[in-house]
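Have a look at the structure below before the remarks.
The values are calculated or read from the model by the stated rules, or taken from the named source; none is laboratory data. Everything numeric in this text was worked out from a predicted model, so none of it was measured. With ideal geometry, Cβ positions are generated from the backbone for all residues, glycine too; neighbour counts draw on all protein chains shown. Just so you know, the surface numbers come from the protein's heavy atoms only, side chains and all, with ligands and any DNA or RNA stripped out. Shrake-Rupley method; radii C 1.70, N 1.55, O 1.52, S 1.80 Å.
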Amino acid sequence: MERYSTREYLFRGVSRVEYALVPRIGRVDNHRYPDFMTYETELMTLFKRSAVPYIGKLPSNEWEIAAIAQHHGLPTRLLDWTRNPIVAAFFAIRTPHDTDAAIYALHTGQEGLDRVQDHELEPYIYEPDLDHIVLIFEPNHIIPRKVVQNGCFTVHGNPRLALNEHPNILIDRIIVESHFREELKRILDMYGVNNATLFPGLDGLCDYLDWYTREPVY
């Protein structure tokens, strides 16, 4: 991982090597609307109408609203990343699987990537000539867990196009072989990277203690 030690990379860990880098909303096929644009617009409209009792006043910025929705599990065109490769490694092996995992490394300085603040676009892009645009979005510190995880997002003009298959974006992939998953999880724990530290609160603590007190399986 030391070859990616500059601050110019974003990282994402996936628990199965075959998983494509597609935002969650791009994987939804059974919505009840006539087209994808109507579905996404209605989904965010309903969220903004219904979320206020739970989070108080919504941000005035549509990007921040989308980040909150993404954080709480709503399908959006945002894809989660971190600037910390060790955090990405943990997410790659967090859940037990008998298959290889992967860590993706995305260089932020390459042509074809830009930042949200450099654009006046809304999060929802439908123009055909913007179909292949990919933006980097770093939200304000409104989501405490994102701060701990050093998190940010990519925003996809075409949420159905996998980033690792994008014609204009270069991305590296590091394989974590299946036999090394549990050992890597214990190595990361020695560095203080685990469920308790990345998910502050009782849920994260209990997940960590449940794992910590079990016999390792290699």
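Out of (1) assigned to a loop (DSSP other than H, G, I, E, B); (2) under 22 Å from PHE153 (Cα atoms), what's the single condition that is false for MET44?
For MET44, the exception is condition (1).
What are the residues in region 189-201 that are outside any loop (DSSP other than H, G, I, E, B) and closer than 16 Å to THR82 by Cα, if any? Before you say what the answer is, go through the steps one by one.
Step one: filter region 189-201 for residues outside any loop (DSSP other than H, G, I, E, B), giving 189-190, 195-198.
Residues satisfying the conditions are ASN195, THR197, LEU198.
Taking ALA162 and the conditions (1) in contact with a strand residue (DSSP E or B) (Cβ under 9 Å, 6 or more places away or on another chain); (2) open to solvent by less than 40 Å² (accessible area, probe 1.4 Å); (3) modelled with pLDDT of 90 or more, which numbered condition does it fall short on, given that it satisfies the others?
Of (1) in contact with a strand residue (DSSP E or B) (Cβ under 9 Å, 6 or more places away or on another chain); (2) open to solvent by less than 40 Å² (accessible area, probe 1.4 Å); (3) modelled with pLDDT of 90 or more, only one is false for ALA162: (1).
Could you run through region 37-85 and say how many residues are among the hydroxyl-bearing types (Ser, Thr, Tyr) and in contact with a helix residue (DSSP H, G or I) (Cβ under 7 Å, 6 or more places away or on another chain)?
Filtering region 37-85 for residues among the hydroxyl-bearing types (Ser, Thr, Tyr) gives 38-39, 41, 45, 50, 54, 60, 76, 82.
With the extra rule that they be in contact with a helix residue (DSSP H, G or I) (Cβ under 7 Å, 6 or more places away or on another chain), the set shrinks to 76, 82.
Result for region 37-85: 2.
I'm checking my understanding of the structure. Among residues of region 1-35 that are in a helix (DSSP H, G or I) and under 22 Å from GLY109 (Cβ atoms), which one is least open to solvent (accessible area, probe 1.4 Å)? Even if it seems obvious, please write down each step before you answer.
Within region 1-35, the subset in a helix (DSSP H, G or I) is 2-4, 24-27.
Now drop any that are not under 22 Å from GLY109 (Cβ atoms), which leaves 2-4.
On the way: GLU2: 161, ARG3: 186, TYR4: 12 Å².
The residue in question is TYR4.
Do you know which residues across region 102-148 are assigned to a loop (DSSP other than H, G, I, E, B), at pLDDT 70 or above and of a type in the set (Asp, Glu)?
Taking region 102-148 first, the residues assigned to a loop (DSSP other than H, G, I, E, B) are 108-112, 119-127, 131-133, 138-143.
If we keep only those that are at pLDDT 70 or above as well, we get 108-112, 131-133, 138-140.
Answer for region 102-148, where residues must be assigned to a loop (DSSP other than H, G, I, E, B), at pLDDT 70 or above and of a type in the set (Asp, Glu): GLU111, ASP131, GLU138.
Quickly run through region 47-77 and pick out the residues that are part of a helix (DSSP H, G or I), under 23 Å from ALA20 (Cβ atoms) and open to solvent by less than 10 Å² (accessible area, probe 1.4 Å). Steps first, please.
Taking region 47-77 first, the residues part of a helix (DSSP H, G or I) are 47-50, 52-55, 62-71.
Restricting the remaining residues to those that are under 23 Å from ALA20 (Cβ atoms) gives 66-67, 69-71.
Once the filter is applied, which keeps residues that are part of a helix (DSSP H, G or I), under 23 Å from ALA20 (Cβ atoms) and open to solvent by less than 10 Å² (accessible area, probe 1.4 Å), region 47-77 yields ALA66, ALA67, ALA69.
Does any residue in region 57-70 that is within 16 Å of ARG24 (Cα to Cα) come within less than 9 Å, Cβ to Cβ, of a residue that is part of a loop (DSSP other than H, G, I, E, B) and among the β-branched types (Val, Ile, Thr) six or more places away or on a different chain, and which pairs are these?
ALA66/THR76; ALA67/THR76; ALA67/ILE142; ALA67/ILE143; ILE68/ILE142; ILE68/ILE143; ALA69/THR76; GLN70/THR76
Working only within region 181-213, note down all residues that are farther than 17 Å from PRO96 by Cα, open to solvent by 50 Å² or more (accessible area, probe 1.4 Å) and free of Cβ contacts under 8 Å to residues at least 12 places away in the same chain.
Selection gives MET190, LEU202, ASP203, LEU205.
Determine whether region 78-90 contains at least one residue that is surrounded by 14 or more Cβ atoms within 10 Å (Cβ to Cβ) and farther than 17 Å from GLN149 by Cβ. Lay out the reasoning, then the answer.
Let us first name the residues in region 78-90 that are surrounded by 14 or more Cβ atoms within 10 Å (Cβ to Cβ), namely 78-90.
Checking the rest, the ones that are also farther than 17 Å from GLN149 by Cβ come to none.
No, there is no match, as no residue in region 78-90 is surrounded by 14 or more Cβ atoms within 10 Å (Cβ to Cβ) and farther than 17 Å from GLN149 by Cβ.
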